[in-house]
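K.L.:
After the structure tokens below, expect a handful of questions from me.
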Amino acid sequence: MKRFFTVCMSFLFAGAAFAQEAAKGPDFKYNVFASAIAVKETTAKKDEYKDYSAVRVRPTFTMGMENVSVVTGFEIDQFYGKGGDATVGGNGSGSNSGYADPDGDQIAVEVKWAYIDVKDFFIPGLSMRAGLAPFIYSIGYNNDMPQFNLVYDAGVVKVDLAYVKIDEYDLAEKNATAEDKDDAFMYSFKLPVKLGDITIIPAVLYAKGEKNHDVTALTGTNVDKDLNSIGNTGEFTKTMPSIGLALKAGDFSLNADFVYIMGKNKTFDAKYKAYAGYLNAGFKASDMLSLNLFGMYTTGQDDSDDKVTSFQAACGDELEVGPLFIINDAGNIGQVGVSNEYDKATEGLMAFGLGVNLKVDKVSALAQVAYGSTTSDKIVKDKAIGTEIDLRLGYDVAPKTTFWVEGAYLMAGKYIETKNGGECDDPSYYAAGVTTKL
């Protein structure tokens with residue numbers, strides 16, 4: 001009997017040894033961000049009010065095998081109700097796709113992300129990303145951009161290289177009779193260094209608009225439009241060195257960033273000289289209470305005729321940090337926009353304030369107050385934007401799902417009054433919504 005069992009066991013082990021392992025298919029993951037809101041808003045314009053609801057849904061799908069994955073993200077972003085635009089879509093819908101008509105037949109799905117990720121690309125520690133993906137550079141850019149990105153992780157140090165295409169007007173740059181180099185693109189190099197609780201991020205970005213890059217003619221009357229034309233159209237080169245610092249030591253945290261823009265626009269014979277900085281210091285007083293002190297500064301346009309000193313105009317984007325609901329457009333309703341984005345002002349921005357966060361079980365609260373002004377009086381003499389007060393209350397109705405209410409009030413200063421023809425209302429809003437991340 002023993003010999004019989006021994007022979008049987010031998011066959012079983014032999015079968016297991018020679019059996020082929022079933023081929024493993026690709027891993028599939030998905031997540032969804034969704035937010036639905038209702039808003040009442042008073043704009044800075046005298047006697048102008050808004051009343052609207054909106055929904056945003058972002059489904060993201062990731063399929064991967066071994067060290068390769070493909071990420072595809074979509075965004076559906078609509079106001080409630082049919083819009084007034086008579087543009088007919090490809091599906092026969094006869095109103096603006098940014099509005100949800102009663103039939104729900106709008107073409108409103110946007111491509112947000114579409115990229116390939118490869119880990120251990122040729123060598124261990126090297127990763128590659130290619131496609132439409134998030135791109136962050138200091139406090140000047142935080143956007144989804146088409147790019148090629150290589151990152152080598154050496155532990156203490158990372159080397160981050162990226163190529164980003166801004167404009168591609170014509171695929172053919174040369175033919176038998178003419179040359180048409182009209183692209184605009186950026187290269188960035190970042191070198192994050194982690195030393196214990198401190199991370200230091202020196203970086204540099206180079207941007208170029210080629211010699212046939214599209215030119216927007218100057219109006220001669222609209223300073224904001226003209227500055228943005230000089231900043232981002234025509235043949236230009238920009239170099240943007242930056243330094244970032246992140247510190248987390250016990251209950252104390254500190255984040256600081258500074259970026260400088262220099263370069264020249266040959267088409268308009270103008271130089272770029274602008275900078276911006278941001279600082280946020282946090283302290284966790286207890287498991288329930290934390291405090292933040294923050295400040296931000298961007299240069300505004302001076303009285304030079306041959307220089308762009310406005311950070312917003314030279315950068316071509318906006319200050320991508322700042323927690324204020326109205327001034328920085330950072331409230332939960334920022335997904336659909338507030339009346340004015342004061343961090344896009346060509347006159348520059350300076351703001352500083354205090355934020356208090358409270359978390360008790362399923363209840364969360366945020367209160368913050370700040371004062372803001374422009375940094376240049378050459379376009380608009382009056383610099384005071386005003387004092388802003390923000391408040392948000394949230395309740396977790398389910399895991400990763402929060403019902404919230406928030407409001408913001410900006411006591412308008414002379415700058416807002418002047419920008420609105422000499423009279424204005426105090427910008428404010430209150431809103432409620434539900435947000436989930438699955």
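K.L.:
Mind listing just one residue for me: the one in segment 171-186 that is more than 27 Å from the chain's Cα centre (by Cα) and touching a residue at least 12 places away in the same chain (Cβ under 8 Å) and, of those, farthest from ILE136 (Cα to Cα)?
P.N.:
Out of the qualifying residues, it is GLU179.
K.L.:
Working only within segment 397-409, note down all residues that are more than 25 Å from LEU354 (Cβ to Cβ) and either surrounded by 15 or more Cβ atoms within 10 Å (Cβ to Cβ) or touching a residue at least 12 places away in the same chain (Cβ under 8 Å) (or both).
P.N.:
Listed by number, the residues that qualify are VAL397, ALA398, LYS400, THR401, PHE403.
K.L.:
Might you let me know whether segment 144-151 holds any residue that is modelled with pLDDT of 90 or more, in a strand (DSSP E or B) and loosely packed, with under 15 Cβ neighbours inside 10 Å?
P.N.:
Looking through segment 144-151, none of the residues is modelled with pLDDT of 90 or more, in a strand (DSSP E or B) and loosely packed, with under 15 Cβ neighbours inside 10 Å.
K.L.:
Name every residue in segment 410-438 that is aromatic (Phe, Trp, Tyr), surrounded by 20 or more Cβ atoms within 10 Å (Cβ to Cβ) and part of a strand (DSSP E or B), in order of residue number.
P.N.:
Matches in segment 410-438: TYR429 only.
K.L.:
Which residue is nearest to the chain's Cα centre (by Cα), if the candidates are limited to segment 221-264 and must be more than 24 Å from TYR297 (Cα to Cα) and part of a strand (DSSP E or B)?
P.N.:
For segment 221-264, the residue satisfying everything is PHE236.
K.L.:
Could you grab the pairs with beta carbons closer than 6 Å, sequence gap of 6+ or different chains, first residue in segment 233-258 and aromatic (Phe, Trp, Tyr), second one surrounded by 18 or more Cβ atoms within 10 Å (Cβ to Cβ)?
P.N.:
PHE236/GLY209; PHE236/ASN265; PHE258/GLY277
K.L.:
Is it fair to say TYR187 is at negative phi, in a strand (DSSP E or B), loosely packed, with under 14 Cβ neighbours inside 10 Å and of a type outside the set (D, E, K, R)?
P.N.:
For TYR187, the condition - at negative phi, in a strand (DSSP E or B), loosely packed, with under 14 Cβ neighbours inside 10 Å and of a type outside the set (D, E, K, R) - is met.
K.L.:
Another question about this same structure. Going by the structure shown, is ASP306 surrounded by fewer than 22 Cβ atoms within 10 Å (Cβ to Cβ) and at positive phi?
P.N.:
The answer is no for ASP306.
K.L.:
Only one of LEU279, LEU354 is in contact with a strand residue (DSSP E or B) (Cβ under 7 Å, 6 or more places away or on another chain), at pLDDT 95 or above and surrounded by fewer than 17 Cβ atoms within 10 Å (Cβ to Cβ); which?
P.N.:
Checking each option against the conditions leaves just LEU354.
K.L.:
Show the residue pairs meeting these rules: Cβ distance below 6 Å; 6+ apart or different chains; first residue within segment 209-230 and among the aliphatic types (A, V, I, L, M); second residue surrounded by fewer than 18 Cβ atoms within 10 Å (Cβ to Cβ).
P.N.:
VAL215/THR267
K.L.:
Specify the residue that is modelled with the lowest pLDDT; the eligible residues are those in segment 357-376 that are more than 24 Å from SER428 (Cβ to Cβ) and surrounded by 16 or more Cβ atoms within 10 Å (Cβ to Cβ).
P.N.:
Within segment 357-376, the match that is modelled with the lowest pLDDT is SER376.
The values are calculated or read from the model by the stated rules, or taken from the named source; none is laboratory data. Since the structure is predicted, the reported quantities are computational estimates derived from the model, not experimental observations. A quick note on method: Cβ atoms are made from the backbone with ideal geometry, for glycine too, and the neighbour counts reach across all protein chains shown.
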